[in-house]
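The values are calculated or read from the model by the stated rules, or taken from the named source; none is laboratory data. What you are looking at is a predicted structure, and each value in this text was computed from that prediction instead of being measured. So basically every Cβ, Gly included, is an ideal-geometry build from the backbone, and we count neighbours across all protein chains shown.
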Amino acid sequence: MLTVEWSLTSGWEKPYIRPLENLSLHPASSSLHYAVELFEGMKAYRGVDGKIRLFRPTLNMDRMVRSAARATLPPSLGVKKPTKALLYVILSPVGPYFASGSFNPISLWADPKYVRAWKGGTGDCKLGGNYGSSIYAQREAMELGCQQVLWLYGEDHQITEVGTMNLFLYWENEDGEEELATPPLDGIILPGVTRQSILELARKWGEFKVSERYITMSDLTAALEENRVKEMFGAGTACVVCPISKILYKGKNLHIPTMENGPQLATRFLNQLTDIQYGREDSEWALLVS
């Protein structure tokens, strides 16, 4: 197999011909040719007591089973049906992304010319192809001075996800109700573990309306003009909760008053979830492994 390595510092290196058995992944692998592969993102937390905990791992495993069924793994494409499959478990030490209660907001670029997922597609599965196709849009967002993409869908510019995170809007809705809203799981939204946990916590508190509903950019802009938006934030395994402060949409910067409002709710979710993850609060959501 002819291989040529590339690095940012050296560019393309000298070509080499190596035996196939020396390659970590066979070049005929269907994951390379057809993107038939899936992954899961799950962190282990070393708690304040020194013990290791997993956060709701059965939800990750359930999602992995659903993704595998959608991707038909193990696959059969163009050749004989496989008799083997391989599961990689990559262990990588990571620290917390931020100190509890201290985190920075992000800016988003919203443009309907790029779509993350579509009805009948695989947006609700953790498949590599969903993410590889989003990199170009992410680069364009950064060139425009934004940190992430706010993915829109449909002619009415429905708000779906932010980067690789689920999205939440805390506002006073059209009926004057205090509401925490997030897009519904309709096939284009990834069923995030953090997303589900935030919804369950909010419903347990019972302090405001909690909805899984469609929100359009016109809904958001009208609410901003009427000062009805309190907070907007992303949620996912990596960052847990990430506040949003600006959206670039149709050439105009929309200011989201998340930080001016505390951000009280985002911080509350962050603190409660990390307290469980790091063992400061006992919960059935934390699985003790050592």
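Contact annotation: residue pairs with Cβ atoms under 7 Å, 6 or more positions apart or on different chains, pairing a residue in region 186-204 that is over 15 Å from L169 (Cβ atoms) with a partner that is hydroxyl-bearing (S, T, Y) and surrounded by 21 or more Cβ atoms within 10 Å (Cβ to Cβ), are I188/Y153; I188/T160.
To keep it simple, each residue is scored yes or no on (1) part of a helix (DSSP H, G or I); (2) modelled with pLDDT of 90 or more; (3) of a type in the set (D, E, K, R).
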| residue | (1), (2), (3) |
| --- | --- |
| N60 | yes, yes, no |
| R63 | yes, yes, yes |
| L73 | no, no, no |
| L86 | no, no, no |
| C146 | no, yes, no |
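Among the residues of region 167-190, those that are closer than 20 Å to M259 by Cβ and among the hydrophobic types (A, V, I, L, M, F, W, C) comprise L167, F168, L169, W171, L180, A181.
For region 20-47, filtered to residues that are touching a residue at least 60 places away in the same chain (Cβ under 8 Å) and in a loop (DSSP other than H, G, I, E, B), the residue that is farthest from L127 (Cα to Cα) is G47. Can you tell me which of K113, K43 is at pLDDT 85 or above, of a type in the set (D, E, K, R) and within 18 Å of the chain's Cα centre (by Cα)? Residue meeting the stated conditions: K43.
Would you check which residues across region 7-21 are at pLDDT below 80 and either surrounded by 12 or more Cβ atoms within 10 Å (Cβ to Cβ) or in contact with a strand residue (DSSP E or B) (Cβ under 9 Å, 6 or more places away or on another chain) (or both) and list them? Walk me through it before giving the result.
Initial filter on region 7-21 (at pLDDT below 80): 20-21.
Those that are at pLDDT below 80 and either surrounded by 12 or more Cβ atoms within 10 Å (Cβ to Cβ) or in contact with a strand residue (DSSP E or B) (Cβ under 9 Å, 6 or more places away or on another chain) (or both): none in region 7-21.
Test T237 against the criterion of being closer than 21 Å to I189 by Cβ and either surrounded by 16 or more Cβ atoms within 10 Å (Cβ to Cβ) or not assigned by TED's automatic domain parsing to the domain that holds K43 (or both), and give yes or no. Judged against the criteria, T237 is a match. Taken over region 208-223, residues that are farther than 15 Å from F168 by Cα and either surrounded by 16 or more Cβ atoms within 10 Å (Cβ to Cβ) or touching an Asp or Glu at 6+ places or on another chain (Cβ under 8 Å) (or both) amount to 2.
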